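Data block below; observations after.
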Amino acid sequence: MSDSGAATTAPVLEVQGLRKYFPFGRKLFGGHRQRVHAVDGVDFSIAANETLGLVGESGCGKSTVGRTISRLHEPTEGRIFLEGTDITELKAGDLREHRRRMQMIFQDPFSSLDPRMTAGEIVGELLIVHEPLTRAERGDRVAALFERVGLRAAQMRNYPHEFSGGQRQRLGIARALSLNPRLIICDEPVSALDVSIQAQVINLLEDLQNEYGIAYLFIAHDLAVVEHISDRVAVMYLGRIVETAERAELFANPQHPYTESLLAAVPVPDPTRKRSGHVLEGDVPSPVDRPTGCHFHTRCPYAEARCSSEEPTPREVAPGHIVTCHLR
């Protein structure tokens, strides 16, 4: 986690009104197909040396945000600015020079690695595309990356199945780091790892951020991990961000009922300690047929009549603390 001064610098990433809809099925009467509203109007920015944690239940659209920002999915609407450059509609050739500044670390450290390639080939693959290096120079760069993420250069000849889960994730980090990116999108990077290994990988990510000034979009559902690594936290529900605040502010003073419910569901190590807040009940509504008004009103313990008919607008309740709720 970076120091608090990072947020005062110009943003590395700025997202404005991002939407991603997935059409499916046959066309309905009038010629329109049904759509999954995976991401439905998302705004945020991330500064250099800053980590924005993006949290929410499974299916809320967190991973789709990351994949749309990286252009693995094409956005339906909205703008994506990478260090001031609008990359939203760049064609493949023009986008290529910007991809080196934005990399991803994926959730599954095994399926994201090609089992037919050696570890050295995997980490050095991007260098072949983006860097005019000789084979020897590339080998030296890859060896240095291995050492930097806690692996041995001798392991460059090994294949992914010869590594443990934590080591495979270190390979993914080395690959993402190979082009000296300004932004790394971390999509549930530790959820598949044992708790002790999670701590090692989180500490490595923090060390790399402090060393290189990298901005992280850290997508996760584990609030304990998010609280540890993030500078700011954005809470997402059914394709929309409902609350954003500095880490300490959000965990100490959650304002949106959904955030309160997420925090109330976190396991408490002390069995005598009483939980605060309402634990969520029911399932997330379908992103195809979303509730009207505030999407959360069907599960909200405080919902009023207008919550089902009027869509709330974001409101700053404290400096840097933004909530989208009629009742706050």
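The values are calculated or read from the model by the stated rules, or taken from the named source; none is laboratory data. Bear in mind the structure is a predicted one, so any value in this text is a computation, not a measurement. All Cβ positions, even for glycine, are placed from backbone atoms using ideal geometry, and neighbour counts span all protein chains on display.
Tabulated data for the structure shown
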read-out: Test for Arg170: is it charged (D, E, K, R), in a helix (DSSP H, G or I) and under 21 Å from Glu206 (Cβ atoms); value: yes
read-out: Pairs, first within 17 Å of Tyr216 (Cα to Cα) and at pLDDT 95 or above in the range 69-82, second outside any strand (DSSP E or B) and among the β-branched types (Val, Ile, Thr), C-beta under 6 Å, six or more apart; value: Ile80/Ile69; Ile80/Ile87; Ile80/Thr88
read-out: Output for the range 211-220, where each listed residue is closer than 15 Å to Arg247 by Cα and assigned to a loop (DSSP other than H, G, I, E, B); value: Ala220
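Table: residues versus (1) touching a helix residue (DSSP H, G or I) at 6+ places or on another chain (Cβ under 6 Å); (2) in a loop (DSSP other than H, G, I, E, B); (3) on the phi > 0 side of the Ramachandran plot; (4) surrounded by 16 or more Cβ atoms within 10 Å (Cβ to Cβ).
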site: Val39; (1), (2), (3), (4): yes, no, no, yes
site: His73; (1), (2), (3), (4): yes, yes, no, yes
site: Thr88; (1), (2), (3), (4): no, yes, no, yes
site: Asp94; (1), (2), (3), (4): no, no, no, no
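Listed here are the residues, each with its yes/no results for (1) in contact (Cβ under 8 Å) with a residue 12 or more places away in the chain; (2) within 21 Å of Arg99 (Cα to Cα); (3) part of a helix (DSSP H, G or I).
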residue	(1), (2), (3)
Asp114	yes, yes, no
Met117	yes, no, no
Val123	yes, yes, yes
Pro132	no, yes, no
Arg138	yes, yes, yes
Arg141	yes, yes, yes
Phe146	yes, no, yes
Gly150	yes, no, no
Ala154	no, no, yes
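Conditions (1) part of a loop (DSSP other than H, G, I, E, B); (2) modelled with pLDDT under 95, marked per residue:
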residue	(1), (2)
Val233	no, no
Met236	no, no
Leu262	no, yes
Val266	yes, yes
Pro285	yes, yes
Asp289	yes, yes
